[in-house]
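> The structure follows.
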Amino acid sequence: MTENVRSRARRRGIATGLSTIVCVALIGAGTAASAGTKQFATPKKGEWSSATEGPHSAGGTPIGGWDVGIASDGALKILPHNFGLASGIVPPYWRKCTDNYVPMLPAGTEIPIHGGKFNYAADYDLAGRTMHLHWRGHWTTRKRVKGDITLNYHNCNGTRKWAGAFGKLPPNV
């Protein structure tokens with residue numbers, strides 16, 4: 001009888017040990033899976049301004065502007081800002097590359113924000129010439145955003161880092 005009790009105790013001990021190992025393995029796998037997915041902040045709704053870094057960047061002066069809000073389809077998006085004379089999305093840019101034209105995105109453009117980041121690419125007309133624009137970014141906090149932008153226009157081609165912040169846009173954007 002004592003042999004039978006010992007056998008059952010051993011089996012329970014093995015079963016408990018295996019359960020513990022399986023639970024630890026599952027928790028570890030879940031942690032590893034979540035560690036591989038980078039989460040970015042959800043942006044605050046309202047006005048945003050931005051500036052590029054590097055040569056021809058207007059010295060960090062905010063020269064890009066847009067709004068973040070809920071679009072008519074219920075999704076969080078980068079939306080046109082009303083600048084007074086015109087309404088639109090102005091990505092960060094460097095003035096020399098655009099011959100001092102403001103590269104406002106085409107009317108009706110809305111850029112989806114997914115998981116705190118966005119990615120927009122398009123070709124469009126600026127002063128009779130085609131400009132290729134690739135603009136992407138992610139929110140580091142609810143009030144800060146950064147990314148890179150590639151412009152191919154006329155004699156200016158290149159990629160610049162840019163940064164933006166939540167808040168009222170300056171009147172000269």
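The values are calculated or read from the model by the stated rules, or taken from the named source; none is laboratory data. The model shown is predicted, which means the values in this text are computed figures rather than measured ones. As a convention, Cβ positions derive from the backbone with ideal geometry for all residues, glycine included, and neighbour counts pool all protein chains shown.
> Is it the case that region 134-152 has a residue that's within 18 Å of Ala51 (Cα to Cα), surrounded by 13 or more Cβ atoms within 10 Å (Cβ to Cβ) and over 17 Å from the mean Cα position of the chain (by Cα)?
Yes: region 134-152 contains one or more residues that are within 18 Å of Ala51 (Cα to Cα), surrounded by 13 or more Cβ atoms within 10 Å (Cβ to Cβ) and over 17 Å from the mean Cα position of the chain (by Cα).
> I'd like the residue in region 71-87 that is modelled with pLDDT of 85 or more and surrounded by 13 or more Cβ atoms within 10 Å (Cβ to Cβ) and, out of all such residues, is farthest from Ala51 (Cα to Cα).
Among residues in region 71-87 that are modelled with pLDDT of 85 or more and surrounded by 13 or more Cβ atoms within 10 Å (Cβ to Cβ), the one farthest from Ala51 (Cα to Cα) is Ala71.
> Taking region 125-140 only, how many residues are without any contact (Cβ under 8 Å) to a residue 40 or more places away in the chain, closer than 27 Å to Phe40 by Cα and among the polar types (S, T, N, Q)?
Matching residues across region 125-140 total 0.
> If the Cβ limit is 8 Å and pairs must be 6+ apart or interchain, which residue in region 148-164 that is without any contact (Cβ under 8 Å) to a residue 60 or more places away in the chain pairs with which residue that is of a type in the set (Gly, Ala, Ser)?
Going by the 8 Å Cβ cut-off, the qualifying pairs are Asp148/Gly137; Thr150/Gly158; Leu151/Gly158.
> Looking only at residues that are under 14 Å from the mean Cα position of the chain (by Cα) and of a type in the set (Phe, Trp, Tyr) in region 109-133, which one is surrounded by the most Cβ atoms within 10 Å (Cβ to Cβ)?
Phe118
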